[in-house]
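The values are calculated or read from the model by the stated rules, or taken from the named source; none is laboratory data. These numbers were taken from a predicted model, which means no experiment stands behind them. Glycine gets a Cβ as well: all are built from the backbone with ideal geometry, and neighbour counts include every protein chain shown. Heavy atoms of the whole protein, side chains included, go into the accessibility calculation; ligands, DNA and RNA do not. Shrake-Rupley method; radii C 1.70, N 1.55, O 1.52, S 1.80 Å.
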Amino acid sequence: MPHRAGSGHQASVDKLMDGGERESIEYDVVIVGGGPAGLATAIRLKQRAAAASLGLGVCVLEKAGEIGSHSLSGAVLDSRALDELLPGWQSEATSFGSVVRRDAFHFLLNERSSLRLPGMLVPPGMHNAGMRIVTLGAVCRWLGEQASELGVDVFPGFAAADLMFDDGGAVSGVVTSDRGTSRTGERKATYEPGMELKARQVVLAEGSRGHLARRLIEQRALAADRDPQHYAIGLKEVWQIEPDRHEPGRVVHGAGWPLSRNASGGFFCYHYGEAQLAIGLIIDLNYANPWLDPYEELQRLKLHPLFRDTLRHGQRTAYGARAITKGGLNSLPKLSVPGALIVGCDAGTLNFAKVKGIHTAMKSGMVAADTIFDAWQRDELAANDLESYTGRLMSSWVGEELRNARSVQAALHRWGTFAGGALVWIDQALFRGRAPWTVHDPTADHETLRPAAESSPIEYAPPDGVLSFDKLTSVYLSGTNHEEDQPCHLTFKDPALPVEFNLPEFAAPEQRYCPAGVYEIVSDGGASRLQVNAQNCLHCKVCDIKDPRQNIVWVPPEDGGPAYTNM
């Protein structure tokens with residue numbers, strides 16, 4: 001039964017098979033992921049418990065060393081969920097960036113010219129006036145503080161390595177990563193086994209392509225009757241620009257060049273803060289040309305006159321990249337299993353018509369929290385499949401947004417920027433998302449590559465060191481670091497496939513789709529081999545998504561990753 005305020009968690013020690021000991025802690029709810037979805041879940045749970053004068057043990061595990069340091073988004077914030085969760089947040093969150101004052105959408109015709117679309121031709125979801133330009137890291141840090149003040153145990157620096165299951169197959173908790181294992185798998189003098197965190201309900205809020213949710217979806221066939229999940233890669237840079245070129249609150253979105261012929265996607269450029277500018281490129285991962293390099297496409301974008309003069313005398317201060325889950329309603333898996341719920345970008349709640357997901361991720365967490373708390377009050381929490389979560393989510397405004405955006409990404413995937421974009425405008429501007437049709441995309445992103453011999457190579461100019469830069473210089477700006485003497489977190493089902501299949505068939509596309517230079521084909525005694533520079537990894541998960549044979553599997557490292565401060 002629910003316990004009274006003041007109770008939290010219980011600790012114990014479990015024996016390992018080798019005679020060692022693993023610490024065990026019991027909570028009512030364990031949340032994996034300290035992003036907006038996970039933190040909103042935790043905050044809402046504690047709010048409900050406090051209102052009922054009941055104690056509820058809640059913890060949040062976050063693999064980043066600090067809350068927010070693995071978080072990256074554009075981002076223009078639709079504050080609808082935040083308004084519901086923490087009314088009056090504007091008076092407290094003073095560092096949340098600038099209010100949008102100017103909003104424009106440009107189509108880049110080529111490397112020299114562009115066309116600004118009149119407002120009537122811009123889909124409704126792309127209008128942003130009055131919203132707020134934020135950095136997701138700052139939002140998450142503030143939410144983490146609110147969660148801690150409410151009594152949530154927030155544990156940064158702890159990656160959940162595996163799920164735990166009870167004898168009946170229900171999820172019963174998570175195990176964190178062991179620490180102190182060498183690159184070759186031997187235990188070092190610093191070895192510590194991971195902890196068991198047992199829970200009556202686990203919430204998976206890992207973000208896009210979370211490894212635990214991916215594994216659970218596959219094992220339980222939770223997406224068996226759905227379209228394949230679809231993804232994009234988002235790349236972002238932050239610049240400090242000259243004050244006289246800064247237009248606080250200016251937002252520019254657009255499409256077209258440099259992706260017109262080889263991929264669908266779009267760009268963003270936001271002016272915020274003290275002469276700061278965020279510029280980025282989103283590329284759908286269903287692209288077919290294996291010669292495409294997403295990182296180099298971003299470098300080309302900055303050379304366009306729309307951005308070049310603004311950036312020329314500025315200084316680049318940050319870089320990062322991440323996958324974006326964008327399949328929407330048609331790709332949404334079953335969101336519950338006995339003992340666990342899936343929320344946010346782990347599930348795929350992003351509204352692609354708005355290209356926004358923070359608000360929907362937070363709301364999905366809040367709905368999950370309400371579902372869990374209601375079941376907990378009825379003593380129906382442990383090991384139960386809380387299937388009502390999906391119905392409640394679909395009955396909320398998140399469900400309405402996802403239904404109205406259900407055809408957007410599929411239309412762009414199937415018919416491209418022009419024909420697909422025209423259909424999207426009809427669907428969104430004329431029918432307001434209620435068109436009497438639904439477009440599906442049944443082809444998974446990893447199945448779309450053409451053989452290299454049938455594709456046109458793409459020539460990228462060398463970096464000029466002023467507007468464009470090489471990958472390793474950019475990785476340095478991300479603050480990425482991993483202890484080298486640890487097991488490689490980029491694993492291969494078949495280590496031979498990269499050279500035996502990917503190299504001759506697709507010219508080793510992992511060398512290009514990785515935005516951090518992790519993968520290199522090198523010559524070793526006259527033979528080619530794949531070198532994995534795992535210390536460069538930004539944790540974007542693109543290799544896990546785009547590899548043609550689904551041979552690369554990302555798992556969490558013992559520690560490390562990017563150290564974003566303002567992304």
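Here are a few things to note about the model shown:
- Over 30 Å (Cα to Cα) - which of K198/K471; K334/K471; K46/K493; K63/K326; K354/K546 fall in this group: K198/K471; K334/K471; K46/K493
- Heavy-atom accessible surface of the chain: percent carbon and sulfur, 1.4 Å: 51
- Relative contact order for the chain: 19 percent, from Cα pairs under 8 Å spaced at least 6 residues apart, divided by residue count.
- Among T41, T565, the order of accessible area from largest down is T565, T41, computed with a 1.4 Å probe on protein heavy atoms.
- Centre separation in Å (Cα based) which lies between the range 238-259 and the range 261-337: 13
- Shape of the range 153-193, Cα gyration tensor, a/c cut at 1.5: oblate
- Comparing Cα centroids, the range 184-223 and the range 376-418 end up 23 angstrom apart.
- Accessible area per residue, Å², the chain with all protein chains present, probe 1.4 Å: 39
- The range 99-147 and the range 507-521 have Cα centres lying 30 Å from one another.
- When each of the peptides 293-304, 550-561 is scored by the mean number of other C-beta atoms lying within 10 Å of its residues, the order from highest to lowest reads 293-304, 550-561.
- Exposure rank, largest accessible area first [W239, W397; 1.4 Å]: W397, W239
- Per-peptide average of other Cβ atoms within 10 Å, ordering 315-321, 362-368, 520-526 highest first: 362-368, 315-321, 520-526
- Note on the chain: helix-only mean residue ellipticity at 222 nm, from DSSP H runs of 4+ residues weighted -39500 (n - 2.57) and normalised by residue number, equals -6500 deg cm²/dmol.
- Per-residue accessible area (protein heavy atoms, 1.4 Å probe) orders V466, V134 as V466, V134, starting from the largest.
- Label point distance in nm, S182-R378, each placed 7 Å from Cα along Cα→Cβ: 5.5
- Projected label distance in nm at D83 and A221, using a 7 Å step from Cα toward the beta-carbon: 4.4
- For the range 306-452, diffusion coefficient by Stokes-Einstein and Kirkwood Rh (Cα), 37 °C, 0.692 mPa s, µm²/s: 186
- For the range 432-567: rounded, prolate or oblate by the Cα gyration tensor [a/c cutoff 1.5]: rounded
- Potential extension, F492-L472 segment - 0.36 nm per residue separation minus Cα distance: 4.8 nm
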